[in-house]
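> My structure is below; once you've seen it, I'll send some questions.
The values are calculated or read from the model by the stated rules, or taken from the named source; none is laboratory data. Since the model is a prediction, treat every value here as computed from it, not as a measurement. Cβ placement follows ideal geometry from the backbone for every residue including glycine, while neighbour counts extend to all protein chains displayed.
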Amino acid sequence: MSSTASASVVHLDSRRDDPAITSLRTTFARMHTASRAEPPPSIGERKARLDALEKVIRANQAAIAEACNADFGSRSRHETLMADLFPTLASLQHTRKHLSSWSKPRRVGVHWAFQPGTAKVVPQPLGVVGIIAPWNYPVQLALSPLVAALAAGNRAILKPSELTPRTSELLATLMTQAFDPTVVAVAQGGVEVAEAFSRLAFDHILFTGSTRVGAIVMKAAAEHLTPVTLELGGKSPAVVHDSFPLDLAAERIMSGKLLNAGQTCIAPDSVLVPKGKSEAFVDACKAQVAKTRPTLADNPDYTAIVNDRQYVRLQQWLDDARNKGAKVVEINPANEAFAADKHKLPPTLVLGATEDMILLQEEIFGPILPVLEHDGTDDAIAYINARPRPLALYYFDRDSARVQQVTQRTTSGGVTINDTILHIAQENLPFGGVGPAGMGAYHGQRGFDTFSHLKGVFHQSRLNGAFLMNPPYGARLEKLISILT
């Protein structure tokens, strides 16, 4: 993910009297004390907290959409409903339905030598969880992890991005309405607050953002040996086999690419089409955009780039590609003019991209798509495996043997076959990256387990004893071990 709640690191020694940091530390101390002093919340209490979260979200859907629109400069209410609110509400419903079963002790087998003793895994709350959320989906990526944290019985502090200040402020207001401040709180502020946040002795931190800042958060968390879940980003390629209809592939790839104007960590970041079909793919993409977004400049269903810095960055990366010989194709069905201060960037395809171009080196995080060519499945697999492991992989092919070959021979955070994005919407699938794309996962039961301590408990029977551990040892023990093993 190309941008985060914190963009750099500063030292706090000269800012210890910052009111926001002082408030953060005070809030954390109260939560920590309460988590140690009070018994873990019952399943009924956890469901009541999930109900409170759902209630405040549903009651404020319009306000959330307005805040997101204001932060982006232009963002469709429907896109916020679809990409921020729907996944959060779906996660709430799925979690509430399965919470009782997830929370039960899990009986496991016991070696015959220790029977009739019993063993079980008991999920326990970790305590106080820190959630650092990015700006691109400022509601979903703050509240979906919160759902998992609350379900597991934890307390949580959210640190939303300062780059979406209206949404962050609204989240703070809503969490105050829904929860006691020792259960859920929101820390607002910039880089200094984000760094102070990551240095607190949380029982777990979940960070969503860039690989670079993820490494900084992990280093800060290491001061207290705080475990981290890192949801990062990277280059997520789409591969189209020669047998798959090119028009359909273009439709589904552009659908995923243009959601939130490409400001999505799992957006297709490049596409590999069969050799000689780049121009045909470009034509199919043009037709798709003209069909779904015949105008762009004032179209509320086409999101703006979040701020001037991100907009300028994308323009500079396009200039870099042009200067190094790439063909840049802007898709502009109505031939509109785009005012730079509105931060609307038309869908743009880049042909002939080379490895020395920034577009092929960094996560794009915008509506720009390099179009590359492959010379068959083996060639595409080799291309993917020669690069850092992607957060998402998209493969378009109806031949099950080739699909299996691609999924087995490549490693990525997640995969969608014959479409894009949709694996993230499946609550029964874990969502997370691997390598530079992330560490750990959440969603569904995986999220519950991420924010739980899975404690092993062995219960000794009255009919057994620690006979293996009692001396004298010698030949008797050696014979017994040879029988047991």
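> Looking at T211, T226, which one is among the hydroxyl-bearing types (S, T, Y) and in contact with a Phe, Trp or Tyr (Cβ under 8 Å, 6 or more places away or on another chain)?
Only one candidate qualifies: T226.
> Which residues, counting only those in region 166-217, are within 27 Å of G73 (Cα to Cα) and of a type in the set (F, W, Y)?
F207
> Output the residue which, of all residues in region 466-485 that are surrounded by 10 or more Cβ atoms within 10 Å (Cβ to Cβ) and within 48 Å of the chain's Cα centre (by Cα), is modelled with the lowest pLDDT.
L468
> I'd like to verify a number: residues in region 188-219 that are within 20 Å of the chain's Cα centre (by Cα) and among the hydrophobic types (A, V, I, L, M, F, W, C), how many?
So the answer is 11.
> Residues that are free of Cβ contacts under 8 Å to residues at least 12 places away in the same chain, under 18 Å from K159 (Cβ atoms) and not β-branched (V, I, T): does region 228-247 have at least one?
No, there is no match, as no residue in region 228-247 is free of Cβ contacts under 8 Å to residues at least 12 places away in the same chain, under 18 Å from K159 (Cβ atoms) and not β-branched (V, I, T).
> Mind checking which residues of region 386-408 are surrounded by fewer than 20 Cβ atoms within 10 Å (Cβ to Cβ) and in a loop (DSSP other than H, G, I, E, B)?
Scanning region 386-408 gives A386, R387, P388, R389, R398, D399.
> Restricting attention to region 126-134, does a residue exist that is at pLDDT 95 or above, at positive phi, assigned by TED's automatic domain parsing to the domain that holds H224 and in contact with a His (Cβ under 9 Å, 6 or more places away or on another chain)?
Yes, region 126-134 contains at least one residue that is at pLDDT 95 or above, at positive phi, assigned by TED's automatic domain parsing to the domain that holds H224 and in contact with a His (Cβ under 9 Å, 6 or more places away or on another chain).
> A further question follows. Here's a check for you: in region 1-60, which residue that is at pLDDT below 50, out of contact with any helix residue (DSSP H, G or I) (no Cβ under 7 Å at 6 or more places or on another chain) and assigned to a helix (DSSP H, G or I) is farthest from R96 (Cα to Cα)?
Filtering region 1-60 for residues that are at pLDDT below 50, out of contact with any helix residue (DSSP H, G or I) (no Cβ under 7 Å at 6 or more places or on another chain) and assigned to a helix (DSSP H, G or I), the one farthest from R96 (Cα to Cα) comes out as S14.
> With the requirement that a residue be closer than 30 Å to V129 by Cα and surrounded by 12 or more Cβ atoms within 10 Å (Cβ to Cβ), what does region 446-465 give you?
Answer for region 446-465, where residues must be closer than 30 Å to V129 by Cα and surrounded by 12 or more Cβ atoms within 10 Å (Cβ to Cβ): R446, G447, F448, D449, T450, F451, S452, H453.
> Here's another thing I want to ask about it. All but one of (1) more than 19 Å from R387 (Cβ to Cβ); (2) surrounded by fewer than 21 Cβ atoms within 10 Å (Cβ to Cβ); (3) out of contact with any Lys or Arg (no Cβ under 9 Å at 6 or more places or on another chain) hold for R212, so report the exception by its number.
In the conditions (1) more than 19 Å from R387 (Cβ to Cβ); (2) surrounded by fewer than 21 Cβ atoms within 10 Å (Cβ to Cβ); (3) out of contact with any Lys or Arg (no Cβ under 9 Å at 6 or more places or on another chain), R212 misses (1) alone.
> Another question, then. Of the residues that sit in region 253-273 and are farther than 11 Å from G366 by Cα and crowded, with 21+ Cβ neighbours inside 10 Å, which one is nearest to the chain's Cα centre (by Cα)?
That would be I266.
> Could you list all residues from region 96-105 that are out of contact with any Lys or Arg (no Cβ under 9 Å at 6 or more places or on another chain) and surrounded by 14 or more Cβ atoms within 10 Å (Cβ to Cβ)?
H98, W102, listed by residue number.
> Can you pull out the residues in region 322-374 that are farther than 16 Å from Q310 by Cβ and of a type in the set (D, E)?
Answer for region 322-374, where residues must be farther than 16 Å from Q310 by Cβ and of a type in the set (D, E): E330, E336, E355, D356, E373.
> Show me the strands (runs of 3 or more DSSP E) entirely contained within region 116-204 in which 3 or more residues are touching a helix residue (DSSP H, G or I) at 6+ places or on another chain (Cβ under 7 Å) and crowded, with 18+ Cβ neighbours inside 10 Å. Show your work before the answer.
Details: elements: 118-125, 128-132, 155-159, 184-186.
Here the list reads 128-132, 155-159, 184-186.
> Residue under question is E79, and the condition is that it be surrounded by 18 or more Cβ atoms within 10 Å (Cβ to Cβ) and of a type outside the set (S, T, N, Q); does it hold?
Against the criterion (surrounded by 18 or more Cβ atoms within 10 Å (Cβ to Cβ) and of a type outside the set (S, T, N, Q)), E79 qualifies.
> Looking at region 308-385, what strands (runs of 3 or more DSSP E) fall wholly within it and have at least 2 residues that are more than 29 Å from the chain's Cα centre (by Cα), modelled with pLDDT of 95 or more and over 30 Å from Q408 (Cβ atoms)? Working first, answer last.
Details: elements: 327-330, 348-351, 368-374.
Fully inside region 308-385 and qualifying: 327-330.
> Do we find that T411 is buried (at least 18 other Cβ atoms within 10 Å of the Cβ), farther than 28 Å from F202 by Cβ and not acidic (D, E) in this structure? Spell out the reasoning first.
On the way: buried (at least 18 other Cβ atoms within 10 Å of the Cβ): no; farther than 28 Å from F202 by Cβ: yes; not acidic (D, E): yes.
It is false that T411 is buried (at least 18 other Cβ atoms within 10 Å of the Cβ), farther than 28 Å from F202 by Cβ and not acidic (D, E).
> Filter region 90-115 down to the residues that are touching a residue at least 60 places away in the same chain (Cβ under 8 Å) and in a helix (DSSP H, G or I) and list them by number.
A90, S91, H94, T95, H98, L99, W102, S103, A113, F114, listed by residue number.
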